[in-house]
Amino acid sequence: MQTYDNPNAKYDWWAGNARFANLSGSFIAAHVGQAALTAFWAGAFTLFEISRFDPSLPMGEQELILLPHLATLGWGVSEGGAVIDTYPYFVIGSIHLIASPFLGAGALFHILKAPDDLKKAEGQAKKFHFDWDDPAKLGLILGHHLLFLGFGALLLAGKAMYWGGLYDSTTQTVRLVTNPTLDAMTIYGYQTHFASISSLEDLVGGHIYVGIMLIGGGVWHILVPPLKWARKVLVFSGEAILSYSLGGIALAGFVAAYFCAVNTLAYPVEFYGPVLEVKLGIVPYFADTVNLPYGENTSRAWLADAHFFLAFFFLQGHLWHAIRALGFDFRRVEKAFESLEA
């Protein structure tokens, strides 16, 4: 992180992971702890949504955000998109709650027992020590991240093809996808109109391609250090890596917001409500095309707008840290204003 030429900079608790920028072991502990909190939220909020779910009302009009995703995966759903069994949702929520303390224990282990700097570790753990200016080690860690993302994409494809199938909004049934689209040109063609996808075969085929590419990229980055041109183009520092990450999350958030707002295959009307329209207030936002009682919003509106605004702030974080990574001293801005006032 940029310390403005102060190598002994100290960060308060609210500075988050900046406190562990040079402590690779503590950095892992923080990440595992965040995973524990995420799992706890997912489990607790799933159970909360079950407690207020009314099967006599359309799911998309009940301001739910987790149960619609589970229904889209085909759990507890019958023909016509009717949710007839919430027990699978209870099981999934419980699994997340059970996983949370185990992840929390892992975080505590890394804080209390494991070395705060993996350079001091023994065995295989030592190879995950990293320095922000070491492209080869950062590539190794990036490769492992890509492997997990690739396996996640293939797990969705496996669920669609072998483990119960997915909900198909075009037929309003849960079905297996036995013949996913593997034609490369068809999948690549969605680059220009991805939100118009209307076939589960194409959706699952896309996940297969993405999964394979992510795993291939992961293997590449684990085995091959960043090439010479990449080391010249990219900045390798904690500030720069953070800016790249925030930029990627911002892009994903904007894409997800638009996709959720207009697509009815991955986000069926039965579970999320009707498609949205773009409106302009103080800022642009997605608005419902139906009027719900008491000023409520559909699940689609909640998800699309949440993704949009989070992506917007992630983008600001990306720009802030990218500029700092390039060496700009933001204290100059404060000094400029002070000179104007004087």
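Odds and ends about this structure:
- Loop sites in the range 2-101: trypsin sites (Lys or Arg not before Pro), DSSP, at most 16 other Cβ within 10 Å: LYS10
- The chain - percent relative contact order, Cα under 8 Å, separation 6 or more: 20
- Helix 135-161 and the longest principal axis of the Cα set of the chain meet at an angle near 10°.
- With Cα atoms, 0 to 90° folded angle of helix 238-262 axis to the chain main axis: 10
- Computed from the Cβ-Cβ distance with R0 of 30 Å, the FRET efficiency linking LEU149 to HIS193 stands at 0.80.
- Distance between modelled label sites at PHE90 and ARG175, nm, 7 Å Cα→Cβ extension: 3.2
- In order through the range 270-283: 3J(HN,Hα) via Karplus (6.51 cos²θ - 1.76 cosθ + 1.60), integer Hz, x for Gly, Pro: 4, 10, 10, x, x, 4, 9, 10, 8, 10, 10, x, 5, 9
- Set of aspartates and glutamates near LYS119 by C-alpha distance (under 17 Å), chain-local residues within fewer than 8 positions excluded: ASP131, ASP133, ASP134
- Share of carbon and sulfur in the accessible heavy-atom surface of the range 137-192 [1.4 Å probe, %]: 68
- Share of carbon and sulfur in the accessible heavy-atom surface of the range 215-342 [1.4 Å probe, %]: 69
- Spatially proximal aspartates and glutamates relative to LYS126 (Cα-Cα < 13 Å; intrachain offsets below 8 disregarded): ASP116, ASP117
- Correct option for P(r) over Cα pairs in 20 Å bins from 0, in percent [calculated from the coordinates] among [x] 23, 54, 22, 1; [y] 27, 49, 13, 7, 3, 0; [z] 27, 55, 16, 2, 0: [x]
- A compact globular protein would have a Cα radius of gyration near 2.2 N^0.38 Å; the ratio found for the range 240-342 is 1.46.
- Between 0 and 90°, nearest 10: helix 87-112 axis offset from the chain longest Cα axis: 10
- GNM flexibility winner over the chain from PHE151, PHE194, PHE330 (Cα, springs under 10 Å): PHE330
- Fully extending the segment from TRP320 to LEU280, taken as 0.36 nm per residue of separation minus the present Cα-Cα distance, adds 11.8 nm.
- A Förster distance of 25 Å, applied to the separation of the beta-carbon atoms of PHE328 and TYR244, puts the FRET efficiency at 0.90.
- The residues of the chain have, on average, 58 Å² of accessible surface per residue, using a 1.4 Å probe with all protein chains present.
- Backbone amide hydrogens, once placed in the peptide plane, bring LEU166 within less than 5 Å of ARG175, VAL177, excluding anything fewer than 5 places away on its chain.
- Length gained when the stretch MET213-PHE53 is fully extended (0.36 nm per residue, less Cα-Cα span): 53.7 nm
- Subtracting the Cα-Cα distance of GLN124 and LEU37 from 0.36 nm times their residue separation leaves 28.6 nm of extension gain.
- Exposed GluC sites (Glu not before Pro) absent - longest run of the chain, DSSP non-H/G/I/E/B, at most 13 other C-beta within 10 Å: 123-295
The values are calculated or read from the model by the stated rules, or taken from the named source; none is laboratory data. Quick caveat: nothing in here was measured; it's all calculated off a predicted structure. Heads up, the Cβs are rebuilt from the backbone with ideal geometry, glycines too, and the neighbour counts pull from every protein chain shown. Side chains included, ligands, DNA and RNA excluded: accessible areas come from the protein's heavy atoms. Shrake-Rupley method; radii C 1.70, N 1.55, O 1.52, S 1.80 Å.
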